[in-house]
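Here the structure comes first, spelled out in structure tokens, and everything after it is commentary.
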């Protein structure tokens, strides 16, 4: 009887263990399914939120007139409060855009002179510091921009204006020449976006050179935007798209894919429509028609 009792106990114990194991498996599967559903729902919610959130825009004056004269494109911009870079003699911005006029400078001294001499038009609400590897930005500011960004921010804010930054990717070639063959990766390694965003109200990530490769563009924008927001959680993050980035021929489809891939990452886009000039020497085609098509098609969504 004792041996039979021990055998019975062993059977019961084994059966209990198997039952418990089966229950655990069921609970694990249920947990995984539930967690997967939650993640999927969260992803869907983010996508819906991104689609519902209006796109903020930044335009430069050469393309504004073309967009304004196209009713469909202009309608898409209505009440989106786009930032519009003005030129010195001014131009008409459609009132229903509810635009924020700004001016762009390429050096700290130019910003200082404009503010100290009170040369800005009364309508101007912000100043952009567009520092790049070009002759308009002094070499010292190209090599060590962080200190100048902070000083410019203090000065601009002291005058009650918004401060925007737009550091170019080509700064890599002077800050880390060895990384010139990996511009985007080196830009991220140097933390250029973080330095630009730390004291700014708005930062533009000049990613337009990569817009024809959606995966590369989105990956770069995602990482740069993350660095910018880590440095300044309140900063508005824009990404650059262009109708002729550094002379590249692109299509509206290229730009729309870039926007779709980053819509949940950034607050808006600098839709640049460059015309050949001393500031855009590599531009080959002035293509406002591409920008108009982009806006029309966004309006149809």
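Using the alpha-carbon positions of the stretch 55-300, Rg (one decimal) and Dmax (whole number) come out as 16.8, 48 Å.
Each peptide in 267-276, 140-149, 202-211 gets a packing score, the mean of other Cβ atoms within 10 Å over its residues, and the list from highest to lowest is 202-211, 267-276, 140-149. The value for the stretch 138-258 of Rg(Cα) / (2.2 N^0.38 Å) is 1.07. Computed across the stretch 192-301, the Kirkwood hydrodynamic radius from all distinct Cα-Cα pairs reaches 14.2 Å. Ranked by the mean number of other Cβ atoms within 10 Å of their residues, highest first, the peptides 150-156, 174-180 fall in the order 150-156, 174-180.
Over the C-alpha atoms of the stretch 250-291, the Rg to Rh ratio, Rh being the Kirkwood estimate, stands at 1.04. Packing-based ranking of 67-76, 286-295 yields 286-295, 67-76, ordered from highest to lowest mean Cβ neighbour count within 10 Å.
Rule-based calculations on the coordinates, nothing more; no lab input. Remember, predicted model here, so these are calculated numbers, not experimental data. Glycine also receives a Cβ, built like all others from the backbone with ideal geometry; neighbour counts cover every protein chain displayed.
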